[in-house]
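Heads up: the structure comes next, in structure tokens.
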Amino acid sequence: PPRSTLFPYTTLFRSAVGSGDCVEGALALGVPEVVIKDGRNGAVASTWGGRWHATALPVAHPVDLIGAGDAFAVGYLSALLDQLPVQDRLERAVTVAAFCVDTCGDWEGLPDQTELATMALPDGFTMR
């Protein structure tokens, strides 16, 4: 079934929905899923079933911030297509955004499925 996931630009979102809790306003208007990106602070996803938060992954020396928000949305939507739960969607989204800012360019650092899997490996793990 068709569904909508809203990734609003917060300032414009507030002016369109009005005062008060913009997320609750959008959910009340029938949007089933609202995802608010907050840069280094991570992101929050809200649905009719609750709210979830993911912390942004630390990137020691970001190279280029251009495209980070779009990369976040790509990660989130790819996880939605993979039918992952909301928390896992957020985790993938912040992971893809971290890959993006670690590379020069807006899409060149986007990971493939194999690279995404490396993020779950423990620190110091050696791949061969």
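The values are calculated or read from the model by the stated rules, or taken from the named source; none is laboratory data. This is a predicted model, so every value here is computed, not measured. All Cβ positions, glycine included, derive from the backbone under ideal geometry; neighbour counts span all protein chains shown. Surface areas here come from the heavy atoms of the whole protein model, side chains and all, with no ligands, DNA or RNA. Shrake-Rupley method; radii C 1.70, N 1.55, O 1.52, S 1.80 Å.
Only one entry of Leu65, Leu57 meets the criterion of being outside any strand (DSSP E or B) and closer than 11 Å to Val94 by Cβ, and that entry is Leu57. Out of all the residues in the stretch 84-100, is one or more open to solvent by 80 Å² or more (accessible area, probe 1.4 Å) and either free of Cβ contacts under 8 Å to residues at least 12 places away in the same chain or more than 16 Å from Leu6 (Cα to Cα) (or both)? No; the residues of the stretch 84-100 include none that is open to solvent by 80 Å² or more (accessible area, probe 1.4 Å) and either free of Cβ contacts under 8 Å to residues at least 12 places away in the same chain or more than 16 Å from Leu6 (Cα to Cα) (or both). What number of residues in the stretch 24-51 are closer than 21 Å to Phe72 by Cα, out of contact with any Phe, Trp or Tyr (no Cβ under 9 Å at 6 or more places or on another chain) and among the hydrophobic types (A, V, I, L, M, F, W, C)? Final tally of qualifying residues: 1.
In the stretch 76-83 there is at least one residue that is over 8 Å from the mean Cα position of the chain (by Cα), loosely packed, with under 14 Cβ neighbours inside 10 Å and in a helix (DSSP H, G or I).
Residues in the stretch 38-56 that are open to solvent by 60 Å² or more (accessible area, probe 1.4 Å) and modelled with pLDDT of 90 or more: Trp48, Gly49, Arg51, Trp52, His53, Thr55. Determine, yes or no, whether Phe99 is part of a helix (DSSP H, G or I) and in contact with a strand residue (DSSP E or B) (Cβ under 9 Å, 6 or more places away or on another chain). So Phe99 fails the test.
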